[in-house]
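Engineer: One structure, pasted below without further comment.
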Amino acid sequence: VQLQASGGGLVQAGGSLRLSCAASGSTFSRYTLSWFRQGPGKDREFVAAIRYNSHTYYADSVKGRFAISSDNAKNTVYLQMNSLQPEDTAIYYCAADSSLILSSIQLYDQYDYWGQGTQVTVSS
């Protein structure tokens, strides 16, 4: 599976961005698809996930502001980010895995496939 992330950019605080992650090499209807981010000097952290049953999960820091969705026909997962804040500044990565248990979806080292990352910068 190859993942290609896009959609990052520079936005003012309070603004919105939508990230996309296109997958090729496999249909991911049975995968867990997730977004992680890594800010300057920080560890990679979980942002959001969508499971094969369409259940979604979010980090507390983004609940109510971010929304993850997927389009299986396009093999693409999206992350709609609203009310962005400077602390959301990071490189955002998409990840996929076909065999994760629910308790592992926030653990970045459990994912087999990663996109290349897209930079999101939020100015104050």
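Please treat every number below as a calculation from the coordinates, not as lab data. Keep in mind that what you see is a predicted model, and the values were worked out from it rather than measured. Here the Cβ positions follow ideal geometry from the backbone for every residue, glycine too, while neighbour counts run over all protein chains shown.
Engineer: Compute the separation of the alpha-carbon centres of segment 9-79 and segment 83-124 and state it in Å as a whole number.
Structural biologist: Using only Cα atoms to place each centre, the spacing works out to 7 Å.
Engineer: At a threshold of 8 angstrom on Cα-Cα distance, excluding pairs fewer than six apart, so keeping six or more, what relative contact order does segment 32-110 reach in percent?
Structural biologist: Dividing the mean separation by the residue count of segment 32-110 yields 38 percent.
Engineer: Within 10 Å, count the other beta carbons around each residue, average over each peptide in 25-38, 73-86, and list them highest first.
Structural biologist: Packing proxy ranking, top to bottom: 25-38, 73-86.
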